[in-house]
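To start, the structure under review is shown below, and the notes come after it.
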Amino acid sequence: MSYSKKDEDADQAIVKVDRTAVFQEARLFNYSPISPRKCRILLTKIALLLFTGESFPPNEATDLFFGISKLFQNKDPSLRQMMYLIFKELASSASDVIMMTQSIMKDTGVGSDVLYKANAIRALVRIIDATTVQAIERPIKTSIVDRNPSVSSAALVSSYHLLPIARDVVKRWQSETQEAASSSKSSSSFSLGFSTSGSQHALQPSTHFMNQYHAIGLLFQMRSHDRMALVKMVQQLGGPGVVKSPAGTIMLVRLAAKLIEDDASLRKPMLQLLDGWLRHKTEMVNFEAAKAICNLKDVTDGEMTQAIHTLQQFLVSPRAVTKFAAIRILHNVASFKPQSVQSCNPDIESLISNSNRSIATFAITTLLKTGNEGSVDRLMKQISGFMADITDEFKITIVEAIRTLCLKFPSKQAGMLAFLSGILRDEGGYEFKRSVVESMFDLIKFVPGSKEDALAHLCEFIEDCEFTKLAVRILHLLGVEGPKTPHPTKYIRYIYNRVVLENALVRAAAVTALAKFGVGQKDPEVKRSVTVLLTRCLDDIDDEVRDRAALNLRLMTEEDEMANRFIKNESMFSLSTFEHQLVMYVTAEDKATFATAFDISTIPVVSHEQALAEERTKKLTSATPTLKAPSTGPKKPQANGTADSATAALAAAQKHSERLMQIPELRAYGNVLSSSAPVELTESETEYVVSVIKHIYKNNLVLQYEIKNTMPEVVLEEVSVIATPAEDEDQALEEDFTISVSKVTLDIPGTVFVTFKKTADVAYPVTSFTNILKFTSKEIDPTTGEPDESGYEDEYQVEDLELSGSDYVIPAFAGSFDHAWEQTGANGEEASETLQLSSTKSIADATEQLTKALSLQPLDGTDVTLSTSTHTLKLYGKTLGGGKVAALVKMAYSAKSGVTTKITVRSEEEGVAALLVGSVS
C-alpha cells in the first residue's frame, strides 16, 4: 500500500486516451482469431472517451459501430457485455445502425445467456426507430414477464423509452406490465439506511423487487390520460402484500396524492390507502405516506393525526437518519399547522441536545414555530449554546425561524433583536449575514417599536461590514427610515463615515442616503450640515460619487416638490418586464425594429414594494429555504408570517400586469390594480375545463378565461365566451369587447379575454356573470390527424362568476391592529353581520376560509388558532383606491351547530364595509 501524498490537481483519469489513436487501433476488431482481452481493453478506451464528453464524427462512429459488430463471432460473455454498452452510446451518432437489429435480437431469445440478455434489450431499443418497433414487439413482451428480474427491469425501462416514438404499440403491453407489477421476482439490493424492520441493520442486503417499481412507472405512463384506470391500478396494487418493492410502493403513494389533488371526490378512498401505508413495514414508505398526507391541500387536523403520530414514533429511533427525516417533515408541517405538531413537543425538545447538529437545528426551529409566547426566552437561550457549532446553512434556517417568530410575537422583539445583533457580529458568509440583515429589515417594517434599536444595530454593523452589497442596502434603508425618526441627526455620522472609508460603490450609496436627510428637511441646521458634507463629496476621485453629490446639492436648492420627485420617488419601472422588453428589442431578427425608438411607455410602473414582492414572497413562504415542496403535493397557503398574503397579492398583480401589457387591445386600460386567484368554473374531469381570473382596472374589468380541451379526438375553433352581468338598476358594467382564440386542442389550451367598462357612477360595482362557452367543434380524422373541414357550432354552459366586494381590496400590513382599528373607525363607517357556518369542521378551517373570502391580511398572529372552541381573527387591508379596511371576526365552535361568527368591518371609504360583509354572507 502506498502512503504517498495524493496530488489533488493531477489528472484523475486512469489513462490518457487520444481519440485518433483509438480509432486507428480499432483495426484490432478485424483480426482473426479475435482476442477478447485486447478487444475489451479497446472498448473500455472508447467508453472512456464517450463518457468524458468526447464524440466521434458520424463517419468514424459508423466504422466503429460495424467494426464492433464483427465481435459477435466470439462467445466471451464479458466481451459481449462491453459490445452492447458501446452499441448504446454510438447508436445516436452512427449511420444505418438499424441493420444490426437481427444480430442483437438473437441475444434476446428464450435460450439466450441471461448474463447479457438485459444488455441486448437496452441496446436494441437504442437502434430501432418508430417504423421498426413492431418487429421487436414479441421479444420485448416476453422479456417483460421473464423470470429473471434484471431482464424484466431492462424490458420495462426500455418500453418506457419507447413511449415517445411508439405509444400505441407500447400500450398493447399492458397485460404483461400488469403481471410484472404484481409478480414476486426479487433482486438483491441495499436499503439505503432505512430498514425494513426494527431489528435489521441499516446496510444489510434486502429484497427490493425493483422490476415492480419499473412496471408501476410504465403503467402510470400508459394510463396517464385515463383517471379511472389510474384509480383502479392504485387500488389493486395498493392492497396488503401485492407490491413488495418499497420503491414501487412509494410511487403508489405519490400517485394516490396526485389523484387527490386532481379529483376531490377521490380524497376519502385514497386517504384510506395512505393511512394503511403509514403502517408499512418499510420506513421509507412510512415517511412518504406521512409527507403526502401532510402536504394535501386543505388537510384537516383529523386527517393528519395518524401521520403525526407515526412521525412522533420515529423521533425516538436510535438511527440518526430516521430522526432527521421525521423532524424535517414535522418542521415543514409546523409552518402552516403548528397546533398539529404541538403534541410532539416533548419528544422534539429531547432532540435539542442531539449530537447531530442538523437534527438539533430542525428541532429548535420547529419548537420556535409551535411554541407559545412564554417559551420564547427559554428557546433563545438554548439556541445561543450551539450557534457556533453549525454551518451557515443551518444558521440561516434558525434566523428565518426567528424572523417569523418576531412577526408572530411583536412583544418579544427586544430579546430577539438582541440575539440577531449578537450573531451579526459572528463569523459567517454573505448569505448568513444577508439573512440576519433582512430579518432586521422586516422588524423595522412590521414592528414599529423596534425601528430605532434595529437601525442602531445596523449602523454598528456597517462600520465593519466586509460585503459591499449589504452595506449599500443598509445605507439605502438608513436614508429611507432615518429622516422619519425623532432624532435623525445621529445617523448622519455613520453614513458620512462610509464616504470617508469605503469603496466607490458604498460612497455613492452613502451620498444618496445623506441627500434624503436634507431634502424636505425643516430644520435649517440639519440642512446646512448635509449641504457641507455633500460639498466635500464634490472632490471625490470617483465620477459617480461626484455626480450624485452635485445632483443632490442642486435638488436641495429647488422646491421641495421637485426634490421629492427625484429623491423620494416611491415608484419605478417593473424591472423584470423592462429587461425582457429590452432583450427582445436588441435581439430582434428584423432590422426594421431599430427604425423606431424603444417605447418605454409599454413598461408598467409599480411601487418599490411591488418590485420586491416576488423576492419577499419566496423568503416568507417558508422558514427553511433549503426545503423544497414535494412534486406530489400542491403549494399550501402559509400561516407562519404576517406578510404572505400581501406580498403574494402584489406579486400576482405584477405578473399579470406584465402579460396584459403585451396585448395591444388592453394596453390602453393602463396598469392592473388587482388580479384575483383563478376561479374554477367547471369540474376538472369535464370535457372542457374552464377557469377565470378577474383583473380590476381603474375604469375597466377584464375577465381572463383559461380553457382546456380534455377530448383528444376533438378540436375547438373560434372559441369565445359570452359573459353576461346580472341585470340591476344601475347597470354599472357594459361589455367593451372580446378577444377570442382561434384553436384549442388537447395539448394547446386557449385564453379568452372579455372586457367591460364602468358606465355608472359606482366606484366598486358588484354583480354576477353567467358564462357560456361558444365554439366550433371539429372531429380529428384518425388517419390524417387533421381536423375535418366541416364542423358544428356548439355552446357549453359553465358556472356563474361572482364579482364581490373582496375583489376590490388587497391585503396590507400594519404594525398594530388595535391602532389601525381605532383609526379606521374614527374616519369611516362600520358594518357587521352574524353568520352560522354549519358546514365548517373547525375553528382553523373557518379562519382560513374567512381570510380568503375577505381577501385581507391576518395580523398579530391571529391566522394561527390556539383554541378549538373560540378565536378572534384580526384582518387588515386597503381598497384599490387606497382607503384602509379593518375587520374583526369573532368565532365560537360547537359540535352541533358548527362555527358561529360575528364579522365587523370598518372602512374609510363609504360603502366598502357593507360590500365586504356581503361578500361573505
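The values are calculated or read from the model by the stated rules, or taken from the named source; none is laboratory data. These numbers were taken from a predicted model, which means no experiment stands behind them. Cβ sites come from the backbone with ideal geometry, for glycine too, and all protein chains shown count toward neighbours.
Residue check: residue 280 meets all listed conditions (1) in a loop (DSSP other than H, G, I, E, B); (2) over 24 Å from residue 319 (Cβ atoms) but one, namely (2).
Of all residues in segment 768-810, those satisfying the criterion of being among the β-branched types (Val, Ile, Thr) and either over 34 Å from the mean Cα position of the chain (by Cα) or not in a strand (DSSP E or B) (or both) are 776, 780, 783, 784.
All told, residue 740 falls short of being touching a helix residue (DSSP H, G or I) at 6+ places or on another chain (Cβ under 6 Å), modelled with pLDDT of 85 or more and closer than 25 Å to residue 706 by Cβ. Taken residue by residue, segment 811-821 has no member that is at pLDDT 80 or above, in a strand (DSSP E or B) and of a type in the set (A, V, I, L, M). Between 104, 98, 121, the distinction of being at pLDDT 85 or above and either among the β-branched types (Val, Ile, Thr) or surrounded by fewer than 20 Cβ atoms within 10 Å (Cβ to Cβ) (or both) belongs to 121 only. Taking first residues from segment 406-429 that are in contact (Cβ under 8 Å) with a residue 24 or more places away in the chain and partners that are crowded, with 18+ Cβ neighbours inside 10 Å and of a type in the set (Phe, Trp, Tyr), the Cβ contacts under 6 Å between residues at least 6 apart in sequence or on separate chains come to 407/446; 424/461. Sub-6 Å Cβ pairs linking a first residue in segment 738-763 that is surrounded by fewer than 20 Cβ atoms within 10 Å (Cβ to Cβ) to a second residue that is hydroxyl-bearing (Ser, Thr, Tyr), at least 6 apart or interchain, are 738/720; 740/720, ordered by first then second residue. Against the test of being in contact with a Pro (Cβ under 6 Å, 6 or more places away or on another chain) and either surrounded by 16 or more Cβ atoms within 10 Å (Cβ to Cβ) or part of a loop (DSSP other than H, G, I, E, B) (or both), the options 861, 881, 877 yield a single qualifying residue, 877.
In this structure, is residue 411 in a helix (DSSP H, G or I), farther than 17 Å from residue 378 by Cβ, more than 30 Å from the chain's Cα centre (by Cα) and not aromatic (Phe, Trp, Tyr)? So residue 411 fails the test.
Determine whether segment 310-323 contains at least one residue that is aliphatic (A, V, I, L, M), modelled with pLDDT under 85 and in contact with a Gly (Cβ under 9 Å, 6 or more places away or on another chain). Within segment 310-323 (the criterion being aliphatic (A, V, I, L, M), modelled with pLDDT under 85 and in contact with a Gly (Cβ under 9 Å, 6 or more places away or on another chain)), the answer is no, since none of the residues qualifies. Select from segment 705-732 the residues that are part of a loop (DSSP other than H, G, I, E, B) and over 17 Å from residue 759 (Cα atoms) and write down the one among them that is farthest from the chain's Cα centre (by Cα). Of everything passing the filter in segment 705-732, 713 is farthest from the chain's Cα centre (by Cα). With the requirement that a residue be surrounded by fewer than 16 Cβ atoms within 10 Å (Cβ to Cβ) and free of Cβ contacts under 8 Å to residues at least 40 places away in the same chain, what does segment 681-697 give you? 683, 686, listed by residue number. Residue 682 falls short on exactly one of the conditions (1) modelled with pLDDT of 90 or more; (2) of a type in the set (Val, Ile, Thr); (3) within 27 Å of residue 805 (Cα to Cα), and that condition is (1). Could you tell me whether residue 254 is out of contact with any Cys (no Cβ under 7 Å at 6 or more places or on another chain) and either within 22 Å of residue 332 (Cα to Cα) or at pLDDT 90 or above (or both)? The answer is yes for residue 254. Counting only residues that are surrounded by fewer than 21 Cβ atoms within 10 Å (Cβ to Cβ) and at pLDDT 90 or above, segment 285-303 holds 0 of them.
If you check residue 804 against the conditions, is it within 20 Å of residue 701 (Cβ to Cβ), polar (S, T, N, Q) and surrounded by 13 or more Cβ atoms within 10 Å (Cβ to Cβ)? Considered against the rule, which asks whether it is within 20 Å of residue 701 (Cβ to Cβ), polar (S, T, N, Q) and surrounded by 13 or more Cβ atoms within 10 Å (Cβ to Cβ), residue 804 comes out as yes.
The residues listed here are 433, 484, 469; of these, the one that is within 28 Å of residue 400 (Cβ to Cβ), of a type in the set (Lys, Arg), surrounded by fewer than 18 Cβ atoms within 10 Å (Cβ to Cβ) and at pLDDT 85 or above is 469. Would you please name the residue that is farthest from the chain's Cα centre (by Cα), looking only at residues in segment 341-371 that are within 20 Å of residue 400 (Cβ to Cβ), modelled with pLDDT under 85 and assigned to a loop (DSSP other than H, G, I, E, B)? Here the answer is 352.
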